[in-house]
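In what follows, a single structure is set out as structure tokens and then discussed.
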Amino acid sequence: MKPAASGGLPKLTGFKRIIIKVGSSLLVDRKTGLKTAWLEALATDIAGLHAGGADILVVSSGAIAMGRTYLGLKKPALELEEAQAAAAVGQIALARVWAESLAKHSITAAQILLTYGDTEERRRYLNARATLATLLKHRAIPVINENDTVATQEIRYGDNDRLAARVGSMASADCVVLLSDIDGLYTAAPQKDPKAEFIPIVPRITAKIEAMAGGAASELSRGGMMTKIEAAKIATTGGAAMLIANGTKEHPLKAVIEGARCTWFLSPSTPVTARKRWIAGTLEPRGTLQIDDGAVAAMRAGKSLLPAGVARVEGSFARGDCVIVRGLDGGEVARGLVAYDAIDAVQIAGRASRDIEAVLGYSGRKEIIHRDDLALSGDGMTRPGVQNEA
Ligand code: GLU
């Protein structure tokens, strides 16, 4: 289901779960510090979308930019350690200003600091996803940044454009908005080429689109147009539309809603379909859960798989791995991301969810595979007979 489009372009108010990424140069002035009025105006726009029923997640840069002013680090390029120290100082201030601005609209903010492993390792991915889902259920707005202080050079995002897109797929968002110091994608860098033409809509990211993206980044932020295109690939593959919009003026989201120029990247699917296709087709299953007929029927009716329905556990898998779910006749019923390590799954198989704590000594999730993490065979997504896909 796509949000209603007017004149061929999607409408920001038509999306259900929106990531809003704010670049450092929008939020922080190198000389005067935090742009308070700008942030307050953005918080008003965000509150409007939130009041309209959308779930909102903010990915905010600015920790390093804010921290370096406190520490008096004036040189243009910081060493990694300096940037990490600046982030440690700046992140406190950043979280506080977001919490205060949103509180003026009676919205609760929640700070989430992620590292690359939190989004890329399956076990941690499930944890972060569950936390985000719980916050959104309670109508809080997660304010997310990379945990720059501990992220090491080799394995860090370094730019919040791609982080925002990954968080988008992790949270099953249907729209990712990158607020930038430019209003969108041009056929060439507009500062250098007067003939550069603006591109309002990108139905698919082709080699030609990638070639338009040059490499330039602005002084305070890391991500140039290249990383924005990389982000667009991640977002659209995850079933979300992505939008690059100019954030330099006050009320940038209101401006988009009122028709300001911006670039939309469209996705061929929805977050649910994209996630299920990913589960069904791209992971190497690490084990098998054989389930009884009642559990097969419940799953086909859209329910989660509970430990009580599991008759047999095979394989050595870890929480977050993909497993095949088979019926008693051995036929593949589904694939899904399992919520327990094999060693624990064996122990809780056939048991009621309320017994989990007594059996394992900790209170885990009541589902062994949550319905959001299940892709049923026959959805046209699994490939029966193929058991070990790369
Ligand atoms: N995480 C960095 C910060 O908060 C910003 C990364 C980026 O500019 O994309 O300062």
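Results, tabulated for the structure shown:
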{"quantity": "Among the candidates R335, R277, residue that is closer than 19 Å to E121 by Cα and assigned to a strand (DSSP E or B)", "calculated": "R335"}
{"quantity": "Out of V296, V313, sole residue that is part of a helix (DSSP H, G or I), touching a strand residue (DSSP E or B) at 6+ places or on another chain (Cβ under 8 Å) and in contact (Cβ under 8 Å) with a residue 24 or more places away in the chain", "calculated": "V296"}
{"quantity": "Subset of the range 3-59 that is part of a loop (DSSP other than H, G, I, E, B) and at pLDDT below 90 - its residue that is most open to solvent (accessible area, probe 1.4 Å)", "calculated": "K31"}
{"quantity": "Y116 within 16 Å of the ligand (Cβ to nearest atom), touching a residue at least 40 places away in the same chain (Cβ under 8 Å), open to solvent by 60 Å² or more (accessible area, probe 1.4 Å) and of a type in the set (F, W, Y)", "calculated": "yes"}
{"quantity": "Members of the range 276-295 found to be open to solvent by 20 Å² or more (accessible area, probe 1.4 Å) and either β-branched (V, I, T) or under 24 Å from the mean Cα position of the chain (by Cα) (or both), listed by number", "calculated": "K276, R277, W278, T282, E284, T288"}
{"quantity": "Where a residue in the range 242-255 is among the hydroxyl-bearing types (S, T, Y) and its partner, wherever it lies, is modelled with pLDDT under 95, with Cβ under 6 Å and at least six apart", "calculated": "T248/D181"}
{"quantity": "Hits in the range 141-155 - residues which are open to solvent by less than 40 Å² (accessible area, probe 1.4 Å) and either assigned to a loop (DSSP other than H, G, I, E, B) or at pLDDT below 95 (or both)", "calculated": "E146, N147, D148, A151"}
{"quantity": "Positions within the range 130-169 being of a type in the set (D, E) and within 13 Å of the chain's Cα centre (by Cα), in sequence order", "calculated": "E146, D161"}
{"quantity": "Which numbered condition D355 fails, given (1) without any contact (Cβ under 8 Å) to a residue 40 or more places away in the chain; (2) under 23 Å from A274 (Cα atoms)", "calculated": "(2)"}
{"quantity": "Exclusive hit being modelled with pLDDT of 90 or more and either in a strand (DSSP E or B) or within 20 Å of L179 (Cβ to Cβ) (or both), set A133, A110", "calculated": "A110"}
{"quantity": "Candidates A63, A83, A77, A88, filtered to the one that is closer than 23 Å to I155 by Cα, within 12 Å of the ligand (Cβ to nearest atom) and surrounded by fewer than 18 Cβ atoms within 10 Å (Cβ to Cβ)", "calculated": "A88"}
{"quantity": "Residue in the range 298-311 that is open to solvent by less than 30 Å² (accessible area, probe 1.4 Å), over 15 Å from E367 (Cα atoms) and within 28 Å of the chain's Cα centre (by Cα) present", "calculated": "no"}
{"quantity": "Hey, K249 surrounded by fewer than 23 Cβ atoms within 10 Å (Cβ to Cβ), part of a loop (DSSP other than H, G, I, E, B) and charged (D, E, K, R) or not", "calculated": "yes"}
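The values are calculated or read from the model by the stated rules, or taken from the named source; none is laboratory data. This structure is a prediction, so every number in the text was calculated from the model and none was measured. In this analysis, Cβ positions are derived from the backbone assuming ideal geometry, glycine residues included, and neighbour counts consider all displayed protein chains. Calculation scope for accessible area: heavy atoms of the full protein, side chains included, ligands and nucleic acids excluded. Shrake-Rupley method; radii C 1.70, N 1.55, O 1.52, S 1.80 Å.
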